[in-house]
Amino acid sequence: MTKNESKKDIIAKSAVSCFAKYGITNTSIQDIANEANVNKSLIFYYYKNKENLFIDLVKKQQTINLEEIKKIIKECNNPLEQFENIIDKIFSHIKDKKHLDLIKIVHEQFMKSSLNKIKNEIELYVNEIIDLISQVIDRCIEQGYFRKINSRLMTINIFSFMFFLTKELIYSNRMIKEEEVKQFFQNLYFEGLKK
């Protein structure tokens, strides 16, 4: 444990590790306690149950991601640069190992209908990000960078691309070169959107 790392942070990291290894259903609170080297009663002190722990993990990462996107939008006035920087940020999360485990778990849980509360949280978050990116695309259209297009459908299309790319990275043994993917993405979206 580092100086700045709380027991709650250690529990969260341990939960992600266990969920990634065993899946949420097969992970017990005791597994997480063993991984975190804490008593399981401490986990129950912070979280009512395993589902609440997972929802907290997802909400925390969603808040970080949303704040990063809002910061990009606030710090840059040019919507084309905003769009490019947001896409770069999304790519950096996809390739980052510490995010990839949580992304894997979210993918798996989103595809299961048994945890509707989790699915609803994820859908709310995705819709908020879609709204933000759609607004950036709308400004690109207004300022003549992009041709007229339904910005929401384009953003959903981008998310679909990212979703399946992430799925490929998580579940495939094939190596996908980041620069190759970025070049493909730029050709498909940036060039396809430009006037």
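Based on C-alpha pairs under 8 angstrom that are at least 6 apart in sequence, region 22-101 has a relative contact order of 13 percent.
In the structure shown, the pairs Lys70/Lys104; Lys7/Lys117; Lys50/Lys74; Lys13/Lys71; Lys7/Lys177; Lys40/Lys70 are assessed against 32 Å; a Cα-Cα span above that value is assigned to Lys50/Lys74; Lys7/Lys177; Lys40/Lys70.
Taken together, the values in this text are just the output of simple stated rules run on the coordinates, not laboratory data. Note that the coordinates shown come from a computational prediction; the quantities given were computed from them, not determined experimentally.
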